[in-house]
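Where a number appears in this text, it was derived from the coordinates with a stated rule and is not lab data. Quick caveat, the model's predicted, so the values are computed rather than measured. Here the Cβ is made from the backbone with ideal geometry for all residues, glycine too, and neighbour counts use every protein chain on show.
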């Protein structure tokens, strides 16, 4: 089974901060809102099933659509976000 981190999910979906770093806090909030739990967790790293990428993608599609707003709310938090083209997952 392939696993991914929150950083991997942000990178693959092109969800970045204003400084173009993978937006880990936003992905963490979305996963929490979706109640997606990590398979493995250490003090510095949490790993999720690769299928969680599609769950987060679907959340963005339903919440954002094609608007790509500068600010987005997830899990009662507000985030500033930028969007890059998705990485090829294959």
Worksheet item: When the range 30-49 is examined, which residues are found to be more than 8 Å from the chain's Cα centre (by Cα) and closer than 19 Å to residue 75 by Cβ?
Response: 32, 33, 34, 35, 36, 37, 38, 41, 46, 48
Worksheet item: If you check residue 56 against the conditions, is it free of Cβ contacts under 8 Å to residues at least 60 places away in the same chain, surrounded by 13 or more Cβ atoms within 10 Å (Cβ to Cβ) and part of a loop (DSSP other than H, G, I, E, B)?
Response: no
Worksheet item: What number of residues within the range 70-90 satisfy the criterion of being touching a strand residue (DSSP E or B) at 6+ places or on another chain (Cβ under 9 Å) and either in a helix (DSSP H, G or I) or without any contact (Cβ under 8 Å) to a residue 24 or more places away in the chain (or both)?
Response: 4
Discussion item. Looking at 47, 67, 62, can you tell me which residue is free of Cβ contacts under 8 Å to residues at least 12 places away in the same chain and not in a helix (DSSP H, G or I)?
Written reply: 67
